[in-house]
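The values are calculated or read from the model by the stated rules, or taken from the named source; none is laboratory data. Just so you know, these numbers come straight off a predicted model, no measurement behind them. Ideal geometry is used to build each Cβ from the backbone, glycine not excepted, and the neighbour counts take in all protein chains shown. What goes into the accessible areas is simple: the full protein's heavy atoms, side chains included, and nothing from ligands, DNA or RNA. Shrake-Rupley method; radii C 1.70, N 1.55, O 1.52, S 1.80 Å.
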Amino acid sequence: MERLTMQILLVICLIGAAIGSGLVAGIFFAFSTFIMTAFSRIPAEQGIAAMNSINVTIVRSPFMALFVPTAILCLVIAVLAVIDWRGGTSTLMLAGAALYLLASFLSTIIFNVPMNDALEKVSGSGPQAVELWATYVRDWTWWNHVRTVASLLASIAFVRALMMV
């Protein structure tokens, strides 16, 4: 019975993490492919205001109810992969968990959030704002590409692990 319970828990976690990381990848993909491009085409003052508005809104949105719990599922999956080693399946589980936790979740905290915090302190359209905005768009988008690819690869790893369970 304990083995069956563990199997059910694993499948539920993998499904949740596959869906969560896939949805997060889609959100990040939208930012990487057209939102940031559109923002870069408008005056710095407007782009800064728009991005600051998004940054305030996102922390109170359903996105956080997806982003954080997916990270928690990844931790559970990593533990399950180690305590019940299944060869290639466990390797995929650990890879998916590491991709999401390190390159998506932690890179957000280490890179994107500090950039957002710095942007929040800027207003106006002076030369400093214009320069900061240009740097922000370039660097933030680069790290967002990293988050997009990592989240997508994590989702693929979880789906593949599910196929092997």
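Yes/no matrix, rows are residues, columns are (1) open to solvent by 20 Å² or more (accessible area, probe 1.4 Å); (2) of a type in the set (S, T, N, Q); (3) at pLDDT below 95; (4) over 21 Å from the mean Cα position of the chain (by Cα):
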{"position": "Val24", "(1), (2), (3), (4)": "no, no, no, no"}
{"position": "Phe39", "(1), (2), (3), (4)": "yes, no, no, no"}
{"position": "Asn55", "(1), (2), (3), (4)": "yes, yes, no, no"}
{"position": "Ala65", "(1), (2), (3), (4)": "yes, no, no, no"}
{"position": "Thr89", "(1), (2), (3), (4)": "no, yes, no, yes"}
With the checklist (1) β-branched (Val, Ile, Thr); (2) within 26 Å of Asn52 (Cβ to Cβ); (3) modelled with pLDDT under 95 in hand, flag the one item Thr70 doesn't pass. (3)
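Is it the case that some residue within segment 29-37 is in contact with a Cys (Cβ under 8 Å, 6 or more places away or on another chain) and surrounded by 14 or more Cβ atoms within 10 Å (Cβ to Cβ)? Steps first, please.
Taking segment 29-37 first, the residues in contact with a Cys (Cβ under 8 Å, 6 or more places away or on another chain) are none.
Among the residues of segment 29-37, not one is in contact with a Cys (Cβ under 8 Å, 6 or more places away or on another chain) and surrounded by 14 or more Cβ atoms within 10 Å (Cβ to Cβ), which makes the answer no.
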Has segment 136-150 got at least one residue that is open to solvent by 50 Å² or more (accessible area, probe 1.4 Å) and either modelled with pLDDT under 95 or over 20 Å from Phe34 (Cα atoms) (or both)? no
